[in-house]
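Scroll down for the structure; my scribbles are underneath it.
What follows draws every value from the coordinates through simple rules; no lab data is involved. Bear in mind the structure is a predicted one, so any value in this text is a computation, not a measurement. Neighbour counts are summed over all protein chains in view; Cβ atoms, including those assigned to glycine, are modelled from backbone coordinates with ideal geometry.
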Amino acid sequence: MARLVPKGQFTTEKNSIAERAAILVPFALLLAAICFNFILCFINTNIISITPLSVMVAEMLIVSFAFLASLRFLNRTYLLLIVGTISYILTLSLVRWGVSPEHGLDIKIIRDFLIPIAFFMLGLTIKGLRHVDVAIKWIATITLSFAAFEYFYLATFLTYFDVLKYYIARGTIAESDSAHAFLAASGLYFSGVRPEAQGRALLPFLGDHRVSSIFLEPISLGYFGIILVLWGVIRSQIDNKIHFVALVTGLLSIVLADSRFGACVIIVAVILSFMPSRLSQLGVLVIPVIVVFGLVLAPEFFDLSSGLGFSGRISYSSRVLAGFDVWNWLGFKASKMNTFDSGYAYVFSGIGVAGFVIFWVIFLSIKGRSVYFYVFRNASAAYFAIALCIGEGQLTIKTASILWFMMGALAITWIPERQRKSARFARHNPGSYRLATVVVGRHLLRADGPARLRASPVAAPLQ
């Protein structure tokens, strides 16, 4: 006769499986968001040709599953935000289609603004920042391993991962442009090699090859490095010890990608991370205003060069914005010039100035449960505002997913005042460092104690 499993033991085992699933599912989705382009590149190079539809479906599935995995956090606020985002951007897209039919119906930007909501909510499901640290260690190991593979064995790497061929297949680069001068780095993305006249800026002895690793684009690897450095700084402040994995991986990523822009951004962001959160919030609130006015007025006062360098990209971004009329600023008409290298032009032509203001106010209104969340949020906002000068790469799922995931995890984690003053307290009282909560309106249902609702002065992370 088979031995019956005691009820208590069965419940414990069942809870253990559920807890493991609650940890593994978000991390699997995060890894999928970061790596799916890399996997599709391998498939396109070695197995079967992919299409733009393949990429779109893969991305939609990942975002949809992220929403499903965080369904218990889908309160009225988030639902209103999701529906409002889709309705507003879709309406503007239809208006642009009517005004500029030659540009077609472009609704891609809806995805760009759903990704933050999906992965912020996914981050809310994490029970403790140490789980995020573990995920970062795995992602860092994968990123640096393939970075080394690409740097030391480039020809072999391109045999399995033909990056240029993949971006042509997915429609990002026109096949007719593949012979252009800046695509001379055969097999790599167009920015994969510094022009000989320009040369590498960070550690020139490494050569002109800009590593992209699993991100396929050097600029995305640079953005990944910025995000990891920000996380390493915040976690080091919280634990009162240096988080070497995040910091070292972030810095190596910036150097290998030769991201001069990334190096400048982390200096600004790290300075902000040591400022009082209220002061830094005021600063980042006005950064977009200052930057946009600077870009519009720059051609009047400076002789900006054209080309592929930083000055050339700033110059191009300035020219795009300077060519906007009132309908472009409102998002009612598509830009005449390509907005690929002008993040602000891309956003303004997609959601209008009013839409950007609403997004920025909501971004800086997200509430957290510790001062460290506000520091990270403000530093991330500075990164977004500055990076929009030269492109919209920080909106893509490859890098946006991990940033908003981190932000969600920080927003839901309660860090007591006494813990902030003592790393020893945190080590000896791990239970107080974790918080597994279900946000219900303006109340918090604690999952680590008796099932009870209690009024809390801390609102839901987004209200």
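Listed highest first by mean packing, meaning other Cβ atoms within 10 Å per residue, what order do 106-113, 148-155 come in?
Details: 106-113: 17.2, 148-155: 14.1.
In decreasing order of mean packing, 106-113, 148-155 become 106-113, 148-155.
Each label point was placed 7 Å from the Cα along the Cα-to-Cβ direction; for PHE149 and GLN198 their separation is 2.7 nm. Counted by neighbouring Cβ atoms within 10 Å, the residues LEU129, LEU53, LEU388 run from fewest to most as LEU53, LEU129, LEU388.
Taking a threshold of 25 Å on the Cα-Cα distance, which of the pairs LYS137/LYS241; LYS137/LYS165; LYS108/LYS336; LYS241/LYS398; LYS127/LYS398 fall above it? Beyond 25 Å: LYS137/LYS165; LYS241/LYS398. Computed 3J(HN,Hα) for segment 130-139, one whole-Hz value per residue from the Karplus formula 6.51 cos²θ - 1.76 cosθ + 1.60 where θ = phi - 60°, is 5, 5, 5, 4, 5, 4, 5, 4, 5, 5, glycine and proline marked x. Here the residues VAL371, VAL57, ranked from fewest to most Cβ neighbours within 10 Å of their Cβ, fall in the order VAL57, VAL371.
Going by average Cβ neighbours within 10 Å, how do the peptides 334-341, 273-280 rank, with the highest at the top?
On the way: 334-341: 17.5, 273-280: 15.0.
Ranking the peptides 334-341, 273-280 by packing returns 334-341, 273-280.
Since only VAL353, SER342, GLY368 are under comparison, the one whose Cα sits farthest along the positive direction of the charge dipole of segment 321-404, derived from C-beta charges on Lys, Arg, Asp and Glu, is GLY368. With the biggest extent put first, the Cα atoms of segment 17-148 measure 50, 45, 23 Å across the principal axes.
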